[in-house]
Amino acid sequence: MNKSISTPAAPRYFARLKKIAVYTAVLGGAYFLFDWYNAIPSCASGPVRESIEFSAWHALRAMDENVVPALPKMLKTEQIGHASARRERGCVATVRAGEELQSYAYIVSPRDGRKVKFEVTEAHHLLVAARFGNLDRDGDFGNKAEPIGRDNVQRALRAALDAPNLFTTGSSISQVEPLGACRAVGGGQRYACNVMLQLGNLPRNGARASFGILQAEFTFERTSGREGEQPQWHAAGDTYGRYLRAVHEARKTALPVKPAPASVSG
């Protein structure tokens, strides 16, 4: 007759599994809370909605300071893209402001090191579509301006254009968006890049600020630094002339220019 054999190891085995399950649940919950705390708000979240509605109200108020308008209402939103690697969202919303329906394109992005954790910045619809409508598998921007790099293109163009542009026209570059990879034009030391620029005009005589969008091809050159330093990319000498021609073409084709409230936080 076979006798049952006790296996004291089994209870210990199941106890160990129970501990593992508890630890996994605790760690998973902690990660969820961390991810939730650091997540960027959605396009239609309460704070974002309040920021857009207040911005639209400010626009109405600026038209006639003697009239206090009713608070505009956001009716619907659409997320163009979520760049999770950078914790940014590109959005479009329809807002009822007074008797009109207005379309707002905006970017929700983090504000590190400040009490307010994010900011809502209005942008041109074309720029939001170009930046957030082309994301890679890692959740980063797909327009990388290879081989120069997004950051180098933005830095070089701002250095070449911001100062003279502000001095001569009263406007500045608020956004720079490369439109794909660059092409070699000079043996690996010169590349031409197609770039979209969003321009912000300074308010004058109490008028609202406004911005426009333009697109142009700019050339970048790599110069050797001092011994031990990395080569640097700079915008070519004809950059400002190319910019002025792009402005002229934009005016001829009547690219849209629309009121643009300043960045607001929520």
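FYI, it's all coordinate maths here, none of it is from the lab. Owing to the predicted nature of the structure, the values given are computational and were not obtained by experimental measurement. Glycine gets a Cβ as well: all are built from the backbone with ideal geometry, and neighbour counts include every protein chain shown.
Between GLU78 and ASP151, how high is the FRET efficiency from 1/(1 + (r/R0)^6) when r is the Cβ-Cβ distance and R₀ = 45 Å? Nearest 0.05. Working shown, then result.
Numbers: r = 28 Å, r/R0 = 0.63.
Once rounded, the FRET efficiency stands at 0.95.
Using a Cα-Cα cut-off of under 13 Å, which aspartates and glutamates could be cross-linked to LYS144, ignoring same-chain neighbours fewer than 8 residues away?
ASP136, GLU177
For labels at ALA184 and ASP238 in the simple 7 Å Cα→Cβ model, what's the distance in nm?
2.0 nm
Roughly how many nanometres apart are two label points built 7 Å out from the Cα toward the Cβ at ALA85 and LEU71?
The modelled label-to-label distance comes out at 3.9 nm.
Expressed in nm to one decimal, what extension gain is obtained for the pair ASN134 and GLU50 from 0.36 nm per residue of sequence separation less their Cα-Cα distance? Write down the numbers at each step before the final one.
Values: separation 84, 0.36 × 84 = 30.24 nm, distance 2.77 nm.
Result for the pair: 27.5 nm of gain on full extension.
Which chymotrypsin sites (Phe, Trp or Tyr not before Pro) from region 37-102 combine a DSSP loop assignment with at most 14 other Cβ atoms within 10 Å? Numbers along the way, then the final one.
On the way: sites: TYR37, PHE54, TRP57; in loops: none.
Within region 37-102, no chymotrypsin sites (Phe, Trp or Tyr not before Pro) qualify (loop, at most 14 other Cβ atoms within 10 Å).
Looking at region 115-159, which trypsin sites (Lys or Arg not before Pro) are in a loop (DSSP not H, G, I, E or B) and have at most 11 other Cβ atoms within 10 Å? If you can, show how the numbers build up before the last one.
Values: sites: LYS115, LYS117, ARG131, ARG137, LYS144, ARG150, ARG155, ARG158; in loops: LYS115, LYS117, ARG137, LYS144.
For trypsin sites (Lys or Arg not before Pro) across region 115-159 that sit outside H, G, I, E and B with at most 11 neighbouring Cβ atoms in 10 Å, the list reads LYS115, ARG137.
Can you give the FRET efficiency to the nearest 0.05 for SER42 and THR223, using r as the Cβ-Cβ distance and R₀ = 45 Å? Walk me through the numbers before you get to the answer.
Values: r = 44 Å, r/R0 = 0.97.
It comes out at approximately 0.55.
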